[in-house]
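The values are calculated or read from the model by the stated rules, or taken from the named source; none is laboratory data. In this text, all values refer to a predicted model and were calculated from it rather than measured experimentally. When we count neighbours, we look across all protein chains shown, and the Cβ atoms used for this are built from the backbone with ideal geometry, even at glycine. Accessible surface areas use protein heavy atoms only, side chains included; no ligands, DNA or RNA. Shrake-Rupley method; radii C 1.70, N 1.55, O 1.52, S 1.80 Å.
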Amino acid sequence: MGEDAESPKINHTFLRDYVTEADVISTVEFNQTGDLLATGDKGGRVVIFQRETESKGESEEVGETGDSGEYNVYSTFQSHEPDFDYLKSLEIEEKINKIRWLPQQNAAHFLLSTNDKTIKLWKVSERDKRPEGYNLKDEEGRLKDISTITSLQVPVLKPTDLMVEVRPRRVFSNGHTYHVNSISVNSDGETYLSADDLRINMWHLGITDRSFNIVDIKPANMEDLTEVITAAEFHPHHCHLFVYSSSKGTLRLCDMRASALCDKHTKLFEEPEDPGSRSFFSEIISSVSDVKFSHSGRYLLTRDYLTAKVWDLNMDKGPVETYQVHEYLRSKLCSLYENDCIFDKFECVWNSSDSVIMTGAYNSFFRMFDRETGRGVTLEAWRESSKPRAVLRTRRVYTGGKRRRGDVGVDSLDFTKKILHMAWHPSENIIAIAATNNLYIFQDRVNPETQGQ
């Protein structure tokens, strides 16, 4: 993924021409097959996109192999509504903080969505047949007079137009005092965790009225509070392991086999701070905004304000890889603190083979790093590149030396255009990028046999 590598090309984009606060995308998530893509926004809505399969004739007409269908809107529904906490006299936003898909067990799909307080389990199913010929109801669904029924018939299923039904199956509420920042489905397929600023709870998908508290870092005196939980995730293969990150830049790996309450971690991952580089902003920029297990389960990927880091579960002394995302902003931390941008929470993701990582930046830029070579590439999600099959250009931020044509100066960066949320297809080189109220879906035109290389 070096600067000179061939740029990925766009497969499809979904754009809107107006921006309201409610339309800003707040989370993006592929399901386990990559055929469905869900987004949540600040208005409490969830939009599900489905990948359309192209016929062989269409692929030949395009003249490319390995091409795949576009993502089109499959279903839209209102997940959360504004609420009010009467005990604390606080408004509860409808904004969707996270979406997580459950492993598919049958023809239906299930997903979890959460705002600051309430987690909901949704069932997404298709219906293309309807029953007809009821004995006790007429064609309009009204009950018949029993005295008029002279014979019995067997109801039959008749074909009808395809309908996508989304129904709430469970509502998990009253589990968190503080704002929920993470949900993660366990590999056992039966439980999931939810994390807020001070606690992590474990839920059973079939039980809504109680949860089990597995981490509680709330001090007896809140004046002694020194850090908060920023993200948490289950191990992809071992159902007893999970990790959570903190605002102090630490990672704690916990094993539920060792203790029911995991206040005492199994491993602590922390990078020693250089005393010579300490400043007023050190603690703020070291806060971990996202943590993700690799697909293999061997590594952890974290993102703080300026860097992305890869940690080996077997080496807790420090990260094995560190990637500078936008080091050129270090001299701008004072102004970024004044406009609150320094508190932005960027996400990070792995590709399907754990060989490339991706994370966001400002000015509609996002960055990819090849772990084997250590080289990075800066790409831009913008409307001029939104035509299907257009080439996605690489960009460069000018920080000194010889200036190339097309370079962007640090002082020219637009800090309102931030790429915070993204997702990578679980098996292919397809990425989804959320840029305010726009969703960009890019596909790398590579041979399917070499896409993981």
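A cut-off under 15 angstrom between Cβ atoms defines the neighbours of residue 238, and their net charge, with Lys, Arg +1 and Asp, Glu -1, is -1.
Find how much the distance from residue 404 to residue 135 grows on full extension, using 0.36 nm per residue of separation minus their present alpha carbon separation; answer in nm with one decimal. Could you put the intermediate results ahead of the total?
On the way: separation 269, 0.36 × 269 = 96.84 nm, distance 7.78 nm.
Difference between extended and current length: 89.1 nm.
Here the chain was treated as a single set of alpha-carbon atoms; its pair distances binned every 20 Å from 0 give 22, 54, 19, 4, 0 percent.
The protection proxy used here, the mean number of other Cβ atoms lying within 10 Å of each residue, ranks peptides 279-292, 415-428, 152-165 as follows, highest first: 415-428, 279-292, 152-165.
In cubic angstrom, how much convex hull volume per residue do the alpha carbon atoms of the stretch 388-434 span? Each step should come with its number before you reach the end.
Working: hull volume 6.3 nm³, N = 47.
It comes to 134 Å³ per residue, whole-number rounded.
Surface composition of the chain: carbon plus sulfur atoms hold 48% of the accessible area, using a 1.4 angstrom probe and ignoring ligands, DNA and RNA.
With a cut-off of 10 Å between beta carbons, the residues surrounding residue 92 carry a summed charge of -4, where Lys and Arg count +1 and Asp and Glu -1. Please work out the C-alpha center-to-center distance from the stretch 118-153 to the stretch 161-206 and express it in whole Å. That distance is 32 Å.
Please report the relative contact order for the chain, taking Cα pairs under 8 Å with a sequence separation of at least 6, and give it as a percent rounded to a whole number.
Values: 1074 pairs, mean separation 71.3, N = 453.
Relative contact order for the chain comes out at 16 percent.
Applying a 4.7 Å cutoff between beta carbons, the unpaired cysteines of the chain are 239, 334, 341, 348.
Taking only protein heavy atoms and a 1.4 Å probe, what accessible area per residue, in Å², does the stretch 230-357 have with all protein chains in place? Intermediate values should be presented prior to the final figure.
Details: 5670 Å² over 128 residues.
Per residue, the stretch 230-357 has an accessible area of 44 Å².
Which of the GluC sites (Glu not before Pro) across the stretch 342-385 are loop residues per DSSP, with 13 or fewer other Cβ within 10 Å? It would help to have the intermediate numbers written out before the result.
Working: sites: 347, 372, 380, 384; in loops: 347, 372.
Taking the stretch 342-385 and a limit of 13 other Cβ atoms within 10 Å, the loop GluC sites (Glu not before Pro) found are 372.
Spin-label model, residue 188/residue 81: points 7 Å from Cα along the beta carbon direction are separated by 3.5 nm.
Computed 3J(HN,Hα) for the stretch 353-368, one whole-Hz value per residue from the Karplus formula 6.51 cos²θ - 1.76 cosθ + 1.60 where θ = phi - 60°, is 9, 6, 9, 9, 10, 9, 7, x, 8, 9, 6, 6, 8, 9, 10, 10, glycine and proline marked x.
Fully extending the segment from residue 373 to residue 416 would add 12.3 nm, taking 0.36 nm per residue of separation and subtracting the current Cα-Cα distance.
Diffusion of the stretch 225-377 by Stokes-Einstein, at 4 °C in a medium of 1.567 mPa s and with Rh set to the Kirkwood radius over alpha-carbon pairs, works out to 80 µm²/s. Treat the stretch 125-249 as a sphere of radius equal to its Kirkwood radius over Cα pairs and apply Stokes-Einstein at 25 °C in a medium of 0.890 mPa s; give the translational diffusion coefficient in µm²/s, rounded to a whole number. Once the numbers are plugged in, D ends up at 129 µm²/s. For the pair residue 105 and residue 261, label points projected 7 Å from Cα toward Cβ lie 3.2 nm apart. Ordered from longest to shortest, the equivalent ellipsoid semi-axes for the stretch 102-176 are 38, 17, 10 Å, each the square root of 5 times a Cα gyration tensor eigenvalue.
Please report, to one decimal in angstroms, the Kirkwood hydrodynamic radius of the stretch 184-241 built from all distinct Cα-Cα pairs.
12.5 Å is the Kirkwood radius here.
Mind scanning 120/292; 123/218; 264/309; 88/264 and naming the pairs with a C-alpha gap bigger than 29 Å? Please list the in-between numbers first.
Values: 120/292 22 Å; 123/218 35 Å; 264/309 24 Å; 88/264 31 Å.
In this structure, 123/218; 88/264 exceed 29 Å between Cα atoms.
A simple packing score, the average count of other Cβ atoms within 10 Å per residue, orders the peptides 232-243, 114-125 as 114-125, 232-243, with the highest score first.
Size descriptors for the stretch 67-122: radius of gyration and Dmax over Cα atoms are 15.2, 54 Å.
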